[in-house]
Amino acid sequence: MAINLQKGQRVDLTKGNPGLTKILVGLGWDPVQSGGGGGLFGGLFGGGSAPNVDCDASVIMLGSNDKLQNNKDVIYFGNLRSNDGSVQHSGDNLTGDGDGDDEQVMIDLSRVPSNIQKLVFVVNIYDCVKRKQHFGMIQNAFIRVVNPSNNQELIHYNLTDNYSGLTCLVTGELYRHGNDWKFAAIGSGTNAASLSEVVRSYS
C-alpha cells in the first residue's frame, strides 16, 4: 500500500524498502475544465474546453547547503539525462490531458553521485507570463514514487492547496539521510516566471 503523505510530512524511502535502488517518480496534473459559469476564462476559451496549460516537471540536483553545483544538474525537457546517468526524464507532455502520470523521472539511487545530497522536484508553467497562466488553471496535481521492478506505488502526495496566481510548484524532495534516502512532501508555490528563475534561487 502506498503511503499517502500530507504537506510537510517526511518518510523513509529506502529503509522501509530494503534493496530498493531504482525508483520512478511520476508527476501528474489536469487542466481545469471550465464549465458554463466560467466567467472570463469561460468566455475566452469557449466555455467547455480548458486552456492548454503546458506544465513542465524538472529535477534539480543539489549539493551540500542546498546549492546547485552545475547547471547540468538540472534535468528537464531540454536536458533529459544527468551526466552520470542516475536521473532520466521521460520527456515533455504539453497538455496534461488523460489519466495517470504526465511526466516521469527514473532515478537510480545507487548512481547518484555522493556529492549530491538532495533532488528537488519542480513543476512550472511554460511561458506563463506571456500566456497569463497560473496554477489556478490546474487541478489534481500529484507526485508519486513507484518501485519500477514491480510497479508498486510507495508514496503518493496530492497537492491540494490553492495555488491560484502561482506559476511554480516545488512538489517534493528526495534527500540523503546517512546511507538512506527520505522523501519530503513540500507543496510550496512561488511566482517564479521560468525554470531558470527557480534554478537561480538555488545557486
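Couple of notes before you dig in:
- Going by accessible surface with a 1.4 Å probe and the largest first, 156, 89 read 156, 89.
- Per residue accessible area in Å² of segment 96-203, where ligands, DNA and RNA are left out and the probe is 1.4 Å: 45 Å²
- Cβ charges +1 (Lys, Arg) and -1 (Asp, Glu), total dipole of the chain, debye: 540 debye
- The calculated 222 nm mean residue ellipticity attributable to helices in the chain amounts to -1500 deg cm²/dmol, summing -39500 (n - 2.57) over DSSP H runs of n ≥ 4 and dividing by all residues.
- Positive minus negative residues near residue 16 (Lys, Arg vs Asp, Glu; Cβ under 12 Å): 0
- The structure shown yields Cα extents along the principal axes in Å, and of the options [x] 64, 31, 31; [y] 54, 37, 27; [z] 64, 39, 26 that calculated value carries the label [y].
- Carbon-plus-sulfur accessible fraction, the chain (probe radius 1.4 Å, protein heavy atoms only): 47%.
- More than 18 Å apart - percent of Cα-Cα pairs taken over segment 74-166: 55 percent
- Pairwise FRET efficiency - residue 111 versus residue 153, Cβ, R0 = 35 Å, nearest 0.05: 0.95
- 23 Å Cα-Cα threshold exceeded, pairs from 7/72; 22/72; 67/132; 7/182; 67/130; 7/130: 7/72; 67/132; 67/130; 7/130
- Its relative contact order, with pairs defined as Cα atoms under 8 Å and 6+ residues apart, puts segment 65-203 at 21 percent.
- For the chain, the longest site-free run once trypsin sites (Lys or Arg not before Pro) in DSSP loop states with at most 13 other Cβ atoms within 10 Å are removed: 133-203
- Inter-label distance for residue 21 and residue 6, nm, one decimal - labels placed 7 Å from Cα along Cα-to-Cβ: 3.7 nm
- Relative to the current alpha-carbon distance between residue 69 and residue 179, full extension at 0.36 nm per residue lengthens the span by 37.5 nm.
The values are calculated or read from the model by the stated rules, or taken from the named source; none is laboratory data. This structure is a prediction, so every number in the text was calculated from the model and none was measured. Cβ coordinates were reconstructed from backbone atoms using ideal geometry, including for glycine residues, and neighbour counts include every protein chain displayed. Just the protein is used for accessible areas: all its heavy atoms, side chains included, with ligands, DNA and RNA removed. Shrake-Rupley method; radii C 1.70, N 1.55, O 1.52, S 1.80 Å.
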